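These notes are about the structure you will find just below.
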Amino acid sequence: MITKDIVRPSLQELSGRKFDVIVIGGGITGAGVAQDSASRGLSTLLVEKGDFASGTSSKSTKLIHGGLRYLQNFQFGVVLESVRERQVQLKLAPHMVHSLPFVIPAYGKNWFNNRKWELGLWVYDCMAGLSGNRFHKRISRQEVIDLCPGIRQEGLVGGLLYYDCRTDDARHTLEVIKSACEHGCVAVNYARVSSLVRENGRVVGVELIDESPTASGAVARVCGRVVVNATGVWTQKTAELGGGKASVAVSPAKGVHITLAPERLPIKSAMLIPTGADGRFCFAVPWYDSIIVGTTDTPYNGDLDRIATEEEEVEYILAAVNEQFPQARVTSADVTGKFAGLRPLIRDAKAKGTTKVSRKHTLEHSRDGLVTIAGGKLTTYRPMAKETVDLVVKILNRSGRFCGPCITGELMLGGWASDIVRPAFVKALQKRAAALGLGDKTVETLERMYGQRACSLIQMAMSDRSLAEPLVEGHTYIKAQLVYAVESEAALTLEDALSRRIRLAITDSQGARQIAESASQTMARLLGWTEELRKAQVEAFLAGLDC
């Protein structure tokens, strides 16, 4: 079993080094480019100014999906590429990418919309090439009620059932970075690019500033034969560093999600919830021990580094839930977590509103040599990366550089070997965990988050039984996960650990509050924090929960 960790080097170790490819941006797009580049044999450096997946890539609806809503805007190319990649991700990350039924309720007064949805699903399924029980189907009124208890029944005549996939976006990104590291990539979080280094008008490297919590302000200059800008909504700002000019314009669209406890919204499948007069809909998706509901979709012109959920955005989502589930009467007091992110949409002056903007990506090679990849979506990160690295290879071949073909369609995530039988692995893991007093639900959580790497956490707990204790009461997380986040996954802040490595801050913000103090003490011991820094970490983390 491969158990490669993300080992963060110091900037002093990087200073003066030269790589074939430097990728700026540690979200899913940059992670995918780094994985593809490194696995083709190119020396690769991935740098991220904050934590990996700390931007858009940890704040999605957690779906690997074909983009059913994009059919409304006739974005057939995006849908076709997405449904194909959905099948690839089911193979590559079997622990994390799961097929999930989605319900579209049908009401008699919405006859036209019902027919439109059904037509769309026929197109959707034909593009996916699905068959058998994974084909969409009509379901009865009672079946809708059984799958979505408490749904508004007045006028309900039945519904449609189709299938898409769910994932953990931040951990998915992290696993792609781990895969890149397995192939020799150097990945560094909290390394901000302060300038693009130019010689004779060409981008030849980057200047980095260490912004990790214990950093001393170290600076490094690193050379790269090709520099790739994969910074999402920061695309233009990155391109302009050091006096450059952006060739790609990005229009950020804000998306807000909330989480609710399953007992407050006890749905047994995912579903589409209409959001009223604007003609949009939200997804409600069971995810870990919560229900995620979202998203909003509005233009954003504020500070890209300070995105907060506004009260009216939360109320917009709650109103949609209460309209569809009139007896639920959910309020802001029922919200167990909330998060806001920005989609990096390619600017389209003709589109009326962000919902109409295409989710296509764009790839540019600027006159100064900078390669920029922007737009797209989580589901299609791999073909975006392939297209980008294909271009990089062409650029490098001009100077005689040879490298292998794209192999990312065969690179398993989560430490899996292609011949591993997952049910047998889970059964063996349960047997080992039982000796520690860990139940099947805890094992299910560990396997779902870490894949075959869950063995490493069980081994840690066997070596120190205190690590088998619950991280927080009422959840299946264990203390070993916090240690593993620091030692093997480059978590450098309390937010890194509890928001992205472990998703507690999203699913149960109160639970995250309760353990912030004890978790910070563990991290302080592992990372050498001073008491002043530890307290500052707790303060910053708690303040972030209110956003």
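The values are calculated or read from the model by the stated rules, or taken from the named source; none is laboratory data. Everything numeric here is computed off the predicted structure, so don't read it as measured data. Here the Cβ is made from the backbone with ideal geometry for all residues, glycine too, and neighbour counts use every protein chain on show. Each accessible area value is taken on the protein alone, full model and side chains, heavy atoms only, with ligands, DNA and RNA left out. Shrake-Rupley method; radii C 1.70, N 1.55, O 1.52, S 1.80 Å.
Summing -39500 (n - 2.57) over the DSSP H runs of n ≥ 4 in the chain and dividing by its residue number, what mean residue ellipticity at 222 nm do you reach, to the nearest 500 deg cm²/dmol? Show your work: numbers first, answer last.
Values: 16 runs with 191 residues, N = 547.
The helix contribution divided over the chain gives -11000 deg cm²/dmol.
Would you calculate the separation in nanometres between label points at I420 and V157, each defined as 7 Å from the Cα along the Cα-to-beta-carbon direction?
4.9
Putting +1 on Lys and Arg Cβ atoms and -1 on Asp and Glu Cβ atoms, find which of G50, T173, L411 reaches farthest to the positive end of the dipole of the chain.
Result: L411.
Would you mind putting 189-196, 473-480 in packing order, based on average other-beta-carbon counts within 10 Å, highest first?
By packing density, highest mean first, the sequence is 189-196, 473-480.
Sorted by average packing, counted as other Cβ atoms within 10 angstrom per residue and highest first, what order do 325-332, 523-530 take?
On the way: 325-332: 14.2, 523-530: 15.9.
Sorting 325-332, 523-530 by mean packing, highest first, produces 523-530, 325-332.
Relative to the Cα centre, what is the charge dipole magnitude of the range 1-67, using +1 at the beta carbon of each Lys and Arg, -1 at the beta carbon of each Asp and Glu, and rounding to the nearest 20 debye?
It comes to approximately 60 debye.
Measure of size requested: the Rg and Dmax of the range 413-547, with Cα atoms as the atom set and Å as the unit; please supply both.
Looking at the range 413-547, its Cα Rg and Dmax stand at 15.3, 49 Å.
Tell me, Kirkwood radius of the range 36-190 from alpha-carbon pair distances, in Å?
About 17.9 Å for the range 36-190.
If you take the C-alpha gyration tensor of the chain, multiply each eigenvalue by 5 and take the square root, what semi-axes do you get, largest first, in whole Å?
For the chain, the semi-axes come out at 36, 29, 23 Å.
Between E310 and S10, with labels modelled 7 Å along Cα→Cβ, what's the label distance in nm to one decimal, could you check?
Inter-label distance under the simple model: 4.6 nm.
With all protein chains present, how much of the accessible area of the chain (probe radius 1.4 Å) comes from carbon and sulfur, to the nearest whole percent?
On the way: 11350 of 22210 Å².
Of all accessible area on the chain, carbon and sulfur atoms account for 51 percent.
Size of the dipole of the chain about the Cα centre, Lys and Arg at +1 and Asp and Glu at -1 on the beta carbon, nothing else charged, in debye to 20?
Working: 67 positive and 59 negative charges, 336 e Å.
That gives a dipole near 1620 debye.
Suppose R0 equals 22 Å. What FRET efficiency, 1/(1 + (r/R0)^6) with r the Cβ-Cβ distance, do E240 and E199 give to the nearest 0.05?
0.80
Roughly how many whole Å is it from the C-alpha centroid of the range 81-152 to that of the range 174-220?
Cα centres, the range 81-152 to the range 174-220: 41 Å.
Assuming 0.36 nm per residue, please report the length gained on full extension of the stretch Q514 to A536 beyond their Cα-Cα distance.
Gain in length upon complete extension: 6.3 nm.
Considering only the chain, what is the antiparallel percent among its DSSP beta bridges, to the nearest 5? Let's see the in-between values first.
On the way: 60 of 77 bridges.
Approximately 80 percent, going by the DSSP bridge assignments.
Could you work out Rg/(2.2 N^0.38 Å) for the range 268-315, with Rg from alpha carbons only?
Against the empirical 2.2 N^0.38 Å value, I get 1.36 for the range 268-315.
Please get the size of the charge dipole for the range 358-449, origin at its Cα centre, with Cβ charges of +1 on Lys and Arg and -1 on Asp and Glu, quoted in debye to the nearest 20. Provide the component values of the computation, followed by the final result.
Details: 15 positive and 9 negative charges, 20 e Å.
Computed charge dipole of the range 358-449: roughly 100 debye.
Sorted from largest down, give the three principal axis spans of the alpha carbons of the range 147-251, whole angstrom values.
Projected onto the principal axes, the Cα atoms of the range 147-251 cover 68, 32, 28 Å.
Once Lys and Arg get +1 and Asp and Glu get -1 on their Cβ, which of P274, A31, H365 lies farthest toward the positive end of the dipole of the chain?
Among P274, A31, H365, the one farthest towards the positive end of the dipole of the chain is H365.
State the answer as a single residue: which of A512, L492, L533 lies farthest towards the positive end of the charge dipole of the range 393-547, with beta carbon charges of +1 for Lys and Arg and -1 for Asp and Glu, about the Cα centre.
Checked the options; the winner is L492.
Show me 198-210, 105-117 ranked by packing, highest mean number of other Cβ atoms within 10 Å first.
In descending order of packing, they fall as 198-210, 105-117.
What whole-number value in Å² describes the accessible area per residue of the chain for a 1.4 Å probe?
41
Could you give me the radius of gyration and the Dmax of the range 189-323, taking only the C-alpha atoms into account and expressing both in angstrom?
Here Rg and the maximum Cα pair distance are 20.9, 63 Å.
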